[in-house]
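None of the figures in this text is laboratory data; all of them are computed from the coordinates on show. Quick caveat, the model's predicted, so the values are computed rather than measured. Cβ sites come from the backbone with ideal geometry, for glycine too, and all protein chains shown count toward neighbours.
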Amino acid sequence: MCRVRNGYRQMGVVCEQYIYYKHILVFVITMIPRVKTFVRGLDEIMDGGIPEGSVVLLLGKPGTMKSSIAYGIIYKNVCDAGRKALYVSLEQSASSLTENMVGMGFERPGADSDLSILDLGLLRKKMTQLGQQAWIEIFRMYILNLKSNFNFDLLVIDSLPVLEMLAKFKEPRDELFQLFEWLRDLKVTTFLIHEETPGSMSYGEDFLADGIIHLDLRREMNAVNLFLSIMKMRRTNHRRGYFPLIFEHGNFEIVTD
C-alpha cells in the first residue's frame, strides 16, 4: 500500500509540475510582441497576431488573393499601428500594384509616407549601376540600404519563386537557408508570397519558414469560395482548420463559428 501511495504522490507531483510549466509556457507566449494581421477573427485565434521577427509564407494557388492579403496586413499596420512597411514587387510595377490596391479600398491619406513599394524595374536600374555583382547580393544590399534609411518594420516579397528564379541559385537548399537567416537578421516581420504548384516547396521552404498561412479555393455548387488556414506558426497557440475568408470594402474577415 505504501508503494501505491508513493506512486500516486509521484504522479501528483509530475502533474503539478506539468500544469506549472504549462502555465509558464502560456505566459511566455502571451508576452511575445506580435504583429496584428487586422484580418477580423484571425488574430483572435493565434494569440493576438504573428510573433515579431517571423518569416511567414503566404501560400496559395493563383486567384487566392495572396498579394491582397499581404498588402492589406502591412497597410493596416501602417495606418492603425504606426509601423513602416516595404513591399517588394517582382511581378508587377509599383504603379500597377498601387492602382489595384486603391481599387480594393486600401487608400488613406498619409499612408504613402510610411509604406514604400519597390518594383523590379527599379531593382534592374540599380543592378545596371552596380555592375556585375550577383543579383541576390545587389538585392540584399539595396534592402539593407532601405532598412538603414527607411527603417521599415514589415517586409513583403512578392514573390519567393520569382526571387529564386532571378537569383539563379546554384545550391537552392543552402542558399534559401541563408536567405531565410538573412531575413531574420533584419529584425523585421517578413511575408513571402509563394505560389502553390506541384513540388513548389521542394527545397524545404515550409521547414525554413516560421509560419505558413495557406489560402485555398473551394467549389461549392456553383460558387467558388476562399478559405484560410494557419498551417504553422511558431511560438503561437493557434487554431487549426480551414475558415471561410471574406473580403469587403478594404477589410478581410474569417468566419470561425
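Which part of the range 166-197 falls in the paramagnetic zone of residue 231, meaning amide N under 16 Å from the point 7 Å along Cα-to-beta-carbon? Residues 191-197 qualify, since their backbone N sits under 16 Å from the label point.
Legend: calculated FRET efficiency, residue 140 to residue 239, from the Cβ-Cβ distance at R0 = 41 Å, rounded to 0.05, equals 0.70.
Ordering 123, 160 by the number of other Cβ atoms within 10 Å of each residue's own Cβ, fewest first, gives 123, 160. Note on residue 99 and residue 217: the model spin-label points, each 7 Å out from Cα along the C-beta direction, lie 2.3 nm apart. Annotation: amide H-H contacts under 5 Å for residue 118 (H modelled 1.01 Å from N, sequence separation of 5 or more, or interchain): 87, 88, 89. Taking 0.36 nm per residue of sequence separation and removing the Cα-Cα distance, the residue 253/residue 151 pair yields an extension gain of 33.8 nm. For the residue pairs 66/187; 61/125; 66/168; 61/168; 36/147, the C-alpha atoms sit more than 26 angstrom apart in 61/125.
Would you work out which of 238, 213, 189 lies farthest towards the positive end of the dipole of the range 177-246, given +1 charges on the beta-carbon of Lys and Arg and -1 on that of Asp and Glu, about the Cα centre? About the Cα centre, the residue reaching furthest to the positive side is 238.
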